[in-house]
Amino acid sequence: MLDTPVSIRRAAMNLLARREHGYVELARKLRQRGADTEMLEVELQRLVEDGLLSEQRYLESYIRSRAYAGRGPLRIREELSQRGLARADIEQALDAAQIDWDENMRDLWQRRFNGQITDLKDKAKQSRFLAQRGYAADAVRRLLDRQGWAQDFAD
């Protein structure tokens, strides 16, 4: 039970020591552990003022981590929205990340499928896989069509 400001701050610091958290995510975790809502808001605000809780750092860390794991910008955007972050902040962080999403997608495709398409069914399977990972349909189409299959499916 987190019933004092000190216990709330200590629990928050323990969570932040493991990894960056967003404000909403950290508040939810601390509420689940029994933190009083009024004390929680005060302590979270103090963490922000002290520079220990930063939405910007959380966004940067999360985007880098998910991109490294092969996730695309559409999926990352959706995951961050579900975590209660503002759409404008997400867009700004995605732009600032300077990730070459096409290169990221191509690397994932090479690792997963050895850069080969055997037939139309295989192309559809690869397209679904990349779309589920969060890459835009037009980017997926460009990547897979560059592999010499565009003319075969044009009819």
Please go through segment 24-39 and pick out each residue that is part of a helix (DSSP H, G or I) and under 12 Å from ARG9 (Cα atoms). LEU26, ALA27, LEU30, MET39
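Report, by residue number, each residue of segment 81-102 that is hydrophobic (A, V, I, L, M, F, W, C) and in contact (Cβ under 8 Å) with a residue 40 or more places away in the chain. Talk me through it step by step, then tell me what you get.
Taking segment 81-102 as the starting set, the residues that turn out to be hydrophobic (A, V, I, L, M, F, W, C) are 85-86, 88, 90, 93-94, 96-97, 99, 101.
Answer for segment 81-102, where residues must be hydrophobic (A, V, I, L, M, F, W, C) and in contact (Cβ under 8 Å) with a residue 40 or more places away in the chain: just LEU85.
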Could you count how many residues in segment 11-32 are over 20 Å from ARG57 (Cα atoms) and surrounded by 13 or more Cβ atoms within 10 Å (Cβ to Cβ)? 1
Report yes if some residue within segment 105-115 is in a loop (DSSP other than H, G, I, E, B) and over 18 Å from the mean Cα position of the chain (by Cα); otherwise report no. yes
Can we say GLU78 is part of a helix (DSSP H, G or I), within 30 Å of ALA139 (Cα to Cα), outside the structural domain of GLN110 (by TED's automatic domain parsing) and out of contact with any Gly (no Cβ under 6 Å at 6 or more places or on another chain)? yes
Residues of segment 43-55 satisfying the condition of being part of a helix (DSSP H, G or I) and within 15 Å of MET13 (Cβ to Cβ): GLU43, LEU44, GLN45, ARG46, LEU47, VAL48, GLU49
Taking TYR68 as meeting all but one of (1) surrounded by fewer than 13 Cβ atoms within 10 Å (Cβ to Cβ); (2) in the same structural domain as ALA139 (by TED's automatic domain parsing); (3) not β-branched (Val, Ile, Thr), write down the number of the exception. (2)
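The values are calculated or read from the model by the stated rules, or taken from the named source; none is laboratory data. This one's a predicted model, so the numbers in the text were calculated from it and none came from an experiment. All Cβ positions, glycine included, derive from the backbone under ideal geometry; neighbour counts span all protein chains shown.
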